[in-house]
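Enquirer: To start, I am sharing the structure in question, which I have written as structure tokens.
FYI, it's all coordinate maths here, none of it is from the lab. Just so you know, these numbers come straight off a predicted model, no measurement behind them. In this analysis, Cβ positions are derived from the backbone assuming ideal geometry, glycine residues included, and neighbour counts consider all displayed protein chains.
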């Protein structure tokens, strides 16, 4: 337990110390909120859908979580290249526990990042329906963060260096984000897009955020929870399977 | 004498390149053993197989009676290692790196803090314990790695070119400490180095590996006698030839540049 805790603590400390990373990773969500939120706000309102900022904020929270989570998962490649992974790999500790400690740490970091974006969105004009869903919201955020940190870990275990990183950003993270319903409502979508959004686990996360923040959802909280936890367990399992196979 | 490390017919292939080729040797408990060879001879690959980081293609390894492939956790408890490449976390402080290591190796709180104090003082880094490792010079990082490798008082300590880039003061200091540990606790020391004079002075037994094969082993005196030379350096050159070995740039080198660009 203590070993998992110290691995978790390491992730948190690294996060808190990289001030430039925190600021940098908040600029993008802020830009999305301002440019899209206000740029498309008028059109959205005219279409009878209400405030776009309110609609968009859960999506942008989801965006910052998925980016941070996948990134912290992928950081294993750095640990590997800069040697610290060796230090962990020769320690008397199971690979599974290393993976668990790191993933919990990465997921915590991503959740914090999501909460900061929520705070920023309030400054930009986001008004949630009510705050009673907040504890449940944090729980869902953590679940989404866990899912994508595990995915990042899985990818990192398969890659040898950062050369593939751009590829992952463009062919995995970006599509996951854009096809998740973060930016548009999931109702009345063209059939193909509707299918794709249903396959994207992030859709369910953002759907849950929307239910809890602005009482407007698509799949329902129960369905979201079921899909997210199933996929998370699956990714954790796959992640630890590939992580165990790492040789240095 | 009890053999704490036993290697039999060990082979490691990467695709069609044979890095370690049918190597057999053993190290006695409490011995100081030097593993010498030119760059790219297979030293680090062998150490990785001994320390559970790589699986052998063929052959068997036993460390303190355990098999690194089948009982990795038992094996991991028996050794400490100072790697050739840095393996510290740059974003943590010196003290945190030590603490992290101590917790992973189940060193109890009080004992751990005592030893961290003692070891950091020993490598002259106690005053810098709260500094981030990324602010350290190469020599300081090296000293910290050595201190860390000793923290859990392992039965066997592997040192892969531990003295590279260290000044003579630190080098002597370090060997003095290791010899103490060897004498008082019977710690087996397994090290590689390019300083022949160091191997000559410290090691009780030496094995020389080249092109993945062990080409000679014995005490320093035996090696000199075998090659009819007067120093270990000459014996080494006589055995391995004078050609300079090339080592390809690794992806790590590219990545180091990349990270520098990436992080502000």
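Enquirer: Which of the following residues is without any contact (Cβ under 8 Å) to a residue 24 or more places away in the chain and either part of a helix (DSSP H, G or I) or within 14 Å of another protein chain (Cβ to nearest Cβ) (or both): A:156, A:192?
Expert: A:192
Enquirer: Residues that are assigned to a strand (DSSP E or B) and touching a helix residue (DSSP H, G or I) at 6+ places or on another chain (Cβ under 6 Å): does region B:4-17 have at least one?
Expert: Within region B:4-17, one or more residues are assigned to a strand (DSSP E or B) and touching a helix residue (DSSP H, G or I) at 6+ places or on another chain (Cβ under 6 Å).
Enquirer: Go through the residues of region A:76-94 one by one and say whether even a single one is within 12 Å of another protein chain (Cβ to nearest Cβ), in contact (Cβ under 8 Å) with a residue 24 or more places away in the chain, within 13 Å of residue A:150 (Cα to Cα) and crowded, with 18+ Cβ neighbours inside 10 Å.
Expert: The answer is no, given that none of the residues of region A:76-94 is within 12 Å of another protein chain (Cβ to nearest Cβ), in contact (Cβ under 8 Å) with a residue 24 or more places away in the chain, within 13 Å of residue A:150 (Cα to Cα) and crowded, with 18+ Cβ neighbours inside 10 Å.
Enquirer: Check A:40, A:36, A:115 and return the single one that is surrounded by fewer than 24 Cβ atoms within 10 Å (Cβ to Cβ) and in contact (Cβ under 8 Å) with a residue 40 or more places away in the chain.
Expert: A:36
Enquirer: Taking the conditions exactly as written (without any contact (Cβ under 8 Å) to a residue 24 or more places away in the chain and under 30 Å from residue A:7 (Cα atoms)), does residue A:29 satisfy them or not?
Expert: Considered against the rule, which asks whether it is without any contact (Cβ under 8 Å) to a residue 24 or more places away in the chain and under 30 Å from residue A:7 (Cα atoms), residue A:29 comes out as no.
Enquirer: A follow-up question, please. Within region B:77-91, which residues are within 7 Å of chain A (Cβ to nearest Cβ), under 29 Å from residue A:15 (Cβ atoms) and not in a loop (DSSP other than H, G, I, E, B)?
Expert: B:81
Enquirer: Inspect region B:47-63 for any residue being farther than 17 Å from residue A:89 by Cβ, over 16 Å from the mean Cα position of the chain (by Cα), without any contact (Cβ under 8 Å) to a residue 12 or more places away in the chain and surrounded by fewer than 23 Cβ atoms within 10 Å (Cβ to Cβ) and give the result as yes or no.
Expert: No: region B:47-63 contains no residue that is farther than 17 Å from residue A:89 by Cβ, over 16 Å from the mean Cα position of the chain (by Cα), without any contact (Cβ under 8 Å) to a residue 12 or more places away in the chain and surrounded by fewer than 23 Cβ atoms within 10 Å (Cβ to Cβ).
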